[in-house]
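Here the structure comes first, spelled out in structure tokens, and everything after it is commentary.
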């Protein structure tokens, strides 16, 4: 067996070319990111909602910048020196700058940014003393978007260190706003990659990372053979003991079928982008029936500075409250929302990060008895263990 090649992102060497996708709100917890980093991949946190999540964990009120820094530090402790990234959504505009700077304060190795084009990322990062240490990685879904980013970032003197090319089978928000367009053959991940490869060859051939629907060892090998430097995977890591999803969420991951997964559009996300959801999610069912009165009291995910879900429930619904409920952080007043990738129906059990990383590399699995106590405690507390 030939091991996968290492992945280099600016100053950071990642032993296994697998990036665990950043999943908000709180799904890509510090325990998950730390466990992935410990196993040689890049563990990735999500900045969305960290002010509430980290404040609760540490028992003190932290603002967005402080919370991002602390989450990175917590993951770094568990990661045993491995690589830690932060996913920062452009759509979370009120906390974008503080999340970038806070992540850098905490010692993050890479900032991965999508859900919109991260035009301001290099300008913000360049104000930080660690600007030359941290890899800046945009997420795109077309060669045109990549070209726009290259031209805009060039003005700052800082080009992307890599790019994540995300297809329509990804979890979280995807680039498309129309279901038919998202499912069109020309938007298959393989075609998007070919499009982006054409663009990056004229800008220094930066590392290209494939994302969206990647599930097996064979999938990873396929994309490495195509010329990708690595892959990003979210849903597979969501279905681990160490992820932040609550027990009901993980149970639904194991039980859902392909017909249970759909792209939420009418009603959909406040930011207008499509995302995959398990349609039996209690919060989603409530939204479909328009039974939840318009309400937005968190203010994370905005569209042009506003959340339409605050005033109407016909076209959009608040997803922040549903996701907070799905990590047991929103009391009894809100129902759970289960967002997934298109391959979630293939999940048949919950495993540890170590077992999953062994499977993805096609190497024998040996239980990790020396895992840090935070990881062990998280596994022990899982009702599915």
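The values are calculated or read from the model by the stated rules, or taken from the named source; none is laboratory data. All figures in this text were calculated on a predicted structure; none of them were measured in a lab. Methodologically, a virtual Cβ is constructed for each residue, glycine included, from the backbone with ideal geometry; neighbour enumeration extends over all protein chains shown.
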Scan 145, 170 and give me the residue that is surrounded by 24 or more Cβ atoms within 10 Å (Cβ to Cβ) and either in the same structural domain as residue 14 (by TED's automatic domain parsing) or touching a strand residue (DSSP E or B) at 6+ places or on another chain (Cβ under 9 Å) (or both).
170
Regarding residue 143, is this residue within 22 Å of the chain's Cα centre (by Cα) and in contact (Cβ under 8 Å) with a residue 60 or more places away in the chain?
no
Checking residue 129 against (1) buried (at least 19 other Cβ atoms within 10 Å of the Cβ); (2) at pLDDT 95 or above, which single condition isn't satisfied?
(1)
Might you let me know whether the range 57-80 holds any residue that is modelled with pLDDT of 95 or more and part of a strand (DSSP E or B)?
no
Tally of residues being within 15 Å of the chain's Cα centre (by Cα) and either closer than 21 Å to residue 242 by Cβ or surrounded by 22 or more Cβ atoms within 10 Å (Cβ to Cβ) (or both) across the range 84-99:
8
Subset of the range 273-298 that is crowded, with 16+ Cβ neighbours inside 10 Å and farther than 26 Å from residue 257 by Cβ - its residue that is modelled with the highest pLDDT:
294
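Each row is one residue, and each column tells you yes or no for (1) within 22 Å of residue 172 (Cβ to Cβ); (2) in contact with a helix residue (DSSP H, G or I) (Cβ under 8 Å, 6 or more places away or on another chain).
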site	(1), (2)
93	yes, no
109	yes, no
119	yes, yes
127	no, yes
138	yes, yes
142	yes, yes
147	no, yes
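Let me confirm something: among 322, 341, which residue is part of a loop (DSSP other than H, G, I, E, B), touching a residue at least 12 places away in the same chain (Cβ under 8 Å) and crowded, with 22+ Cβ neighbours inside 10 Å? Step through it out loud before you land on a result.
Numbers: 322 fails: part of a loop (DSSP other than H, G, I, E, B).
It is 341.
When you look at residue 186, is it touching a residue at least 40 places away in the same chain (Cβ under 8 Å) and either surrounded by fewer than 22 Cβ atoms within 10 Å (Cβ to Cβ) or over 25 Å from residue 273 (Cβ atoms) (or both), yes or no?
Details: touching a residue at least 40 places away in the same chain (Cβ under 8 Å): no; either surrounded by fewer than 22 Cβ atoms within 10 Å (Cβ to Cβ) or over 25 Å from residue 273 (Cβ atoms) (or both): yes.
Considered against the rule, which asks whether it is touching a residue at least 40 places away in the same chain (Cβ under 8 Å) and either surrounded by fewer than 22 Cβ atoms within 10 Å (Cβ to Cβ) or over 25 Å from residue 273 (Cβ atoms) (or both), residue 186 comes out as no.
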For residue 302, state whether it is at pLDDT 90 or above and within 20 Å of the chain's Cα centre (by Cα).
no
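Does residue 346 qualify as being surrounded by fewer than 20 Cβ atoms within 10 Å (Cβ to Cβ) and at pLDDT below 85? If you could, list the steps in order and put the result at the bottom.
Values: surrounded by fewer than 20 Cβ atoms within 10 Å (Cβ to Cβ): yes; at pLDDT below 85: no.
For residue 346, the condition - surrounded by fewer than 20 Cβ atoms within 10 Å (Cβ to Cβ) and at pLDDT below 85 - is not met.
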